[in-house]
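These notes are about the structure you will find just below.
We did not get these values from a lab; they are worked out from the coordinates using the rules stated. Model, not experiment: these values are computed from the prediction. Here the Cβ is made from the backbone with ideal geometry for all residues, glycine too, and neighbour counts use every protein chain on show.
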Amino acid sequence: MVRISEDLIRRRAEHNNGEIFSLEEVSLHQQDIERIEHIHKWCRELKILYLQNNLIPKIENVGRLKKLEYLNLALNNIEVIENLEGCESLQKLDLTVNFVGKLSSAESLKQNLHLRELYLVGNPCADFQGYRQYVVAVLPQLQWLDGKEIGRAERIQALQELDKVRGRVLEQEAEYLETREKQKRSGLKETSAMLEHQKQEHPQINQSLSENQNGTHQNPESSSKAHTNAEDKEREFWEKPCAFTPESRLETHRHLEDKRRANEKESEKPKTKTPRTLITANGRVLNVNEPKLDFSLTEDENNCMVLDLHVYRHMDTSLLDVDVQPTYVRVTVKGKVFQLVLPAEVTPDNSTAQRSQTTGHLVLTLPLAHGDIKPKKPTVRPTSVTSNQNTKKETRAAPGRELLEVDPGLAGSLANIVPKGKESSHKPLQRSQPHQHCGVEERPVSKDFLDDPEVPPLM
């Protein structure tokens, strides 16, 4: 039950700087209020009071609001129009969709001389035969009833037929009040039966609670059965036919309130989220892709593996956390783990991580720890064509040996290495044929020696 408190009114009086003594308008709608109280003491200057969509069963404690002009009590549980005689300035009263069945109580509004508008649509009395004629006749100050203007001809006719209409209305009112008493008695019986049923269920509930406190787990079959029973009871509550009465409306509200509190308690319980397994108990690293990112893993010619992770383009780099291990890579993207097992061992200390400025991708360069050194491809140099190209002898390199490539244009300059005083002991150098050898002193030649005409002599 929500009660009208000073703090509630102050929070609703923000436009008045929180001052309630001079407040002229206050809205207390949809607060689940079940009683009007304290307002006539704290807010004497009120002119407009909104109390619609609450659980108020009775009009009370508003008689001292002498300046009140508009009172909205729509969508409540009011059954009788009363206690409004002191509201001398009341001009508009809204009682839409309540439970006013005693239509004769509307005559209490005769004292409200300034009353111009009255709304009773959606009440049981609005279904009475002669309802409008009766209200128009007993409240001559009214100008509008249920949003429809009262004409002069309508008022004259209603006054002429008032005695006959009043008798008819009082008969219907008596029948309704009798039915209403039966509804109240049946409602009390249902309430007592419900309380007795709850008492019978309490031992089972207490037993289950004690089991949970002792740490014993409930059988999955029994828990599923309890869940099914709860669903059946919920369905039965909403599908069970009942009359639209203040008791049924109050019961529905309390049922929803209990359900809301149960959901809040359930949400307040700490949820133990099982962490995702990244490495098993036996030490096996698992592949994990929680952020569901595309990636590619390739190997370049520098004996490095390159991991291209397609990270979101506009995501800040501070939200990335990279951890490189010899056998796997782990990247945390906004709290979600991407882990990849590498096909070969790498060196974490020499690894690098870069972010692409165009695509936003994260590129990891991971040098292999035991990679094979790949030989570079040999470069082919152009050879000069001479007149004696057709007369050259084809030579083959001996097994396990490589030929040394020398620029043919350097052959002439190598001849200057020999001192001039010793030129007589050498053969003359043929300048016209730069690819021929310089003359040197003959020495014994081994059997495995192969003479290459393109290699200059070594002095």
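By the beta-carbon count within 10 Å of each Cβ, the least crowded to most crowded order of MET315, MET305, fewest first, is MET315, MET305. Label separation (ILE48 vs ASN303): 8.4 nm, computed from points 7 Å beyond Cα along the C-beta direction. Summing charges over neighbours of THR327, with a neighbour being any other residue whose Cβ is under 13 Å away from its Cβ, gives 0 when K and R count +1 and D and E count -1. Simple rule: put +1 on each Lys or Arg Cβ and -1 on each Asp or Glu Cβ in the stretch 77-139, find the dipole, and look at ALA126, ILE78, LEU90; the Cα lying farthest toward the positive end is ALA126. The calculated FRET efficiency for LYS182 paired with HIS38, based on their beta-carbon distance and R0 = 25 Å, is about 0.10.
Counting only Cβ charges, +1 for Lys and Arg and -1 for Asp and Glu, the dipole size of the stretch 6-174 around its Cα centre is about 360 debye.
The three principal axes of the C-alpha atoms in the stretch 36-177 carry coordinate ranges of 45, 31, 21 Å, sorted with the longest axis first. Of the listed pairs LYS164/LYS240; LYS184/LYS269; LYS66/LYS182; LYS58/LYS240, which have alpha-carbon separations greater than 31 Å here? From the list (LYS164/LYS240; LYS184/LYS269; LYS66/LYS182; LYS58/LYS240), the Cα-Cα distance tops 31 Å for LYS164/LYS240; LYS184/LYS269; LYS66/LYS182.
Annotation: aspartates and glutamates with alpha-carbon distance below 12 angstrom to LYS110 (same-chain offsets under eight excluded): GLU82, GLU85, GLU88.
Model label points for PHE244 and GLU268, set 7 angstrom from Cα along the Cα-to-Cβ axis, are 3.6 nm apart. Where does the charge balance sit around LEU95 when Lys and Arg score +1, Asp and Glu -1, over other residues with C-beta under 14 Å from its C-beta? Here the charged neighbours net out to -2. The simple Förster model, with R0 at 56 Å and r as the Cβ-Cβ distance, assigns ARG235 and ASN61 a FRET efficiency of 0.85. Counting beta carbons within 10 Å around each of HIS40, HIS255 and listing the fewest first gives the order HIS255, HIS40. Taking amide H atoms as placed 1.01 Å from N in the peptide plane, the amide H of GLU299 lies under 5 Å from those of VAL306, each 5 or more residues away in sequence or on another chain. Each principal axis of the Cα atoms in the stretch 232-327 has its own extent, and those three values, largest first, are 84, 38, 24 angstrom. Considering all C-alpha pairs of the stretch 288-367, those separated by over 18 Å amount to 34%. Applying 0.36 nm per residue to the separation of ARG3 and GLN129 and subtracting their alpha-carbon distance, the gain on full extension is 41.6 nm. Using the Cβ of GLN172 as centre and a radius below 12 Å, the other residues enclosed give a net charge of -2, where K and R count +1 and D and E count -1.
Between ASN16 and HIS310, full extension at 0.36 nm per residue minus the direct alpha carbon distance yields a gain of 100.2 nm.
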